[in-house]
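Taking it in order: structure first as structure tokens, then the write-up.
The values are calculated or read from the model by the stated rules, or taken from the named source; none is laboratory data. It should be emphasised that the depicted structure is a prediction, and the values quoted were computed from it without experimental measurement. Using ideal geometry, Cβ is built from the backbone for each residue, glycine included, and neighbour counts are taken over all protein chains shown. With ligands, DNA and RNA removed, areas are computed over all heavy atoms of the protein, side chains included. Shrake-Rupley method; radii C 1.70, N 1.55, O 1.52, S 1.80 Å.
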Amino acid sequence: MQTVLILNGPNLNLLGKRQPDIYGRETLADVEWACREVATEFGFGIRLLQSNAEHQIIDWIHQAREEAAGIIINPGAYSHTSIAILDALNAFEGPVLEVHISNIHKRESFRHHSFVSQRADGVIAGFGVEGYALATRRMGSLLRPR
Ligand code: DHK
């Protein structure tokens, strides 16, 4: 069975608790549950991971080269700063979808640019945590074109 990695960057371990007015009250465990349901429908597996460390996210992307069919990534604040994560994603050959829970374009100007968007095959922003399940659905279409 193919696996899709769902990678989450810094502070997303606090999802559901931090700034709920911006990020909502659902947790990463809720996100995982919703994505697994969609992935099962399409016949692939998911592995949801979170780290506050840039190097860990890069190592997971490198591992994905051997182990994953696609990557869904919310790089958190690293979206706006990390050329290293962009470079790692450029070394991955499968589809990459970028998720932001909030609408980064409606927020501070330093959030408007994402390095990762230069590699992403699609970007979802401002759909709340529902964006992850939507990205998982899109990943299903990309992995199994009808
Ligand atoms: C999450 C974060 O932690 C922020 O640093 C980004 C993103 C936005 C989100 O909307 O999911 O700027």
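Quick notes on this one:
- Checking each residue in segment 79-93 for being open to solvent by less than 20 Å² (accessible area, probe 1.4 Å) and away from the ligand (no atom under 16 Å from the Cβ) picks out Ala88, Leu89, Phe92.
- Enumeration of residues in segment 1-49 that are open to solvent by 70 Å² or more (accessible area, probe 1.4 Å), charged (D, E, K, R) and not in a loop (DSSP other than H, G, I, E, B): Asp21, Arg36, Glu37, Glu41, Arg47
- Residue match in segment 60-74 (condition: touching a residue at least 40 places away in the same chain (Cβ under 8 Å), outside any loop (DSSP other than H, G, I, E, B) and near the ligand (Cβ under 9 Å from one of its atoms)): yes
- Of all residues in segment 109-128, those that are of a type in the set (D, E, K, R) have Cβ atoms under 9 Å from Cβ atoms of residues that are in a loop (DSSP other than H, G, I, E, B), 6 or more apart or on another chain, in Arg111/Ser102; Arg119/Phe92; Asp121/Pro95.
- Residue check for Ile22: within 15 Å of the ligand (Cβ to nearest atom), in contact with a Cys (Cβ under 7 Å, 6 or more places away or on another chain) and either polar (S, T, N, Q) or at pLDDT 95 or above (or both): no
- Unmet requirement for Gly76, which otherwise passes all of (1) more than 12 Å from the chain's Cα centre (by Cα); (2) open to solvent by 10 Å² or more (accessible area, probe 1.4 Å); (3) farther than 20 Å from Thr3 by Cβ: (1)
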